[in-house]
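Visitor: Would you mind keeping the following structure in view while I ask a few things?
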Amino acid sequence: MKSQTVVYSNDFETSDLKNITNGVIEIFHGTHVLGRYNNGSFVLNVPNLPKHDLIKVSFDLYIHDSWDGSQSFADNLLGPDMWQMIADGKTYINTTFSNSICQPGNICPSQAYPGNYPSNNNPRTGAENVNLPGACLNASDPRGTSLYHITKTIDHTSSSFSLICLDHLIDKNVADPKCSESWSVDNITISTIAL
């Protein structure tokens, strides 16, 4: 690696939404985050990049409350709960998450992450922290929030970069879907790498 240059960095503490379309800021667990989203998305555009060969994308992804993973339940009223990361029109992550707690004798909905859907992994596989409070669920609900650190390095030489994160969540039996299942991101860093 010849050089790595940070071209975008945002922890959202100043509520800066420059270069972001569909951006909303909320406070979660004492910090400002981009989101929360339920059947929503944001687009981050980074122009005027220096000459480079690769782009490195990293951010914290919070999966809030009762995500159902890869399974579809109750005649398609719940799940699968999909999440995607698209860079310059190409899908790099197409996965599901499950915040379910596996108890002996209970159904344990799997998730695709860290693989792409339809991979099968245990709930919360790859999570950095599974002990965060839910965004809406009460403190006694063990599903809470799971934190994942997402990092992708991709071939890239264009002078601009577009990042889209979005979801397709299914939870048709609730009055407030965003309080049942949502997601947010924090600490986004985009770097160019010249080889």
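Just so you know, all these numbers are worked out from the coordinates, no wet-lab data involved. The shown structure was predicted, so the numbers you read here are calculated from the model rather than taken from an experiment. Neighbour counts are summed over all protein chains in view; Cβ atoms, including those assigned to glycine, are modelled from backbone coordinates with ideal geometry.
Visitor: If I go through the stretch 162-195 residue by residue, how many of them are part of a strand (DSSP E or B) and in contact with a helix residue (DSSP H, G or I) (Cβ under 8 Å, 6 or more places away or on another chain)? First the steps, then the outcome.
Guide: Filtering the stretch 162-195 for residues part of a strand (DSSP E or B) gives 162-168, 171, 181-194.
Imposing the further condition that a residue be in contact with a helix residue (DSSP H, G or I) (Cβ under 8 Å, 6 or more places away or on another chain) reduces the set to 171.
Counting residues in the stretch 162-195 that are part of a strand (DSSP E or B) and in contact with a helix residue (DSSP H, G or I) (Cβ under 8 Å, 6 or more places away or on another chain) gives 1.
Visitor: Restricting the search to the stretch 90-107, which residues are over 17 Å from Glu181 (Cα atoms) and in a loop (DSSP other than H, G, I, E, B)?
Guide: Cys102, Gln103, Pro104, Gly105, Asn106, Ile107
Visitor: Can you tell me which of Ile63, Ile25, Ile86 is under 19 Å from Cys179 (Cβ atoms), out of contact with any helix residue (DSSP H, G or I) (no Cβ under 7 Å at 6 or more places or on another chain) and surrounded by fewer than 19 Cβ atoms within 10 Å (Cβ to Cβ)?
Guide: Details: Ile63 fails: surrounded by fewer than 19 Cβ atoms within 10 Å (Cβ to Cβ); Ile86 fails: under 19 Å from Cys179 (Cβ atoms).
It is Ile25.
Visitor: Collect the residues in the stretch 4-31 that are of a type outside the set (Ser, Thr, Tyr), without any contact (Cβ under 8 Å) to a residue 60 or more places away in the chain, in a strand (DSSP E or B) and more than 30 Å from Leu195 (Cα to Cα), keeping them in residue-number order. Steps first, answer last, please.
Guide: From the stretch 4-31, those of a type outside the set (Ser, Thr, Tyr) are 4, 6-7, 10-13, 16-20, 22-30; that's our starting set.
Checking the rest, the ones that are also without any contact (Cβ under 8 Å) to a residue 60 or more places away in the chain come to 13, 16-20, 22-25, 27, 30.
Retained after the next criterion (residues that are in a strand (DSSP E or B)): 20, 25, 27.
Within the stretch 4-31, Ile25, Ile27 qualify.
Visitor: What are the residues in the stretch 111-125 that are assigned to a loop (DSSP other than H, G, I, E, B), crowded, with 16+ Cβ neighbours inside 10 Å and in contact with a strand residue (DSSP E or B) (Cβ under 6 Å, 6 or more places away or on another chain), if any? It would help to see each step written out before you state the result.
Guide: Kept after step one, since they are assigned to a loop (DSSP other than H, G, I, E, B), are these residues of the stretch 111-125: 112-120, 122-125.
Okay, now just the ones that are also crowded, with 16+ Cβ neighbours inside 10 Å, so 112-113, 115, 117, 123-125.
The answer is Ala112, Tyr113, Tyr117, Pro123, Arg124.
Visitor: Does Leu34 meet the test of being outside any loop (DSSP other than H, G, I, E, B), farther than 11 Å from Ser184 by Cα and in contact with a strand residue (DSSP E or B) (Cβ under 8 Å, 6 or more places away or on another chain)? Spell out how you get there, then give the answer.
Guide: Values: outside any loop (DSSP other than H, G, I, E, B): yes; farther than 11 Å from Ser184 by Cα: no; in contact with a strand residue (DSSP E or B) (Cβ under 8 Å, 6 or more places away or on another chain): yes.
Against the criterion (outside any loop (DSSP other than H, G, I, E, B), farther than 11 Å from Ser184 by Cα and in contact with a strand residue (DSSP E or B) (Cβ under 8 Å, 6 or more places away or on another chain)), Leu34 does not qualify.
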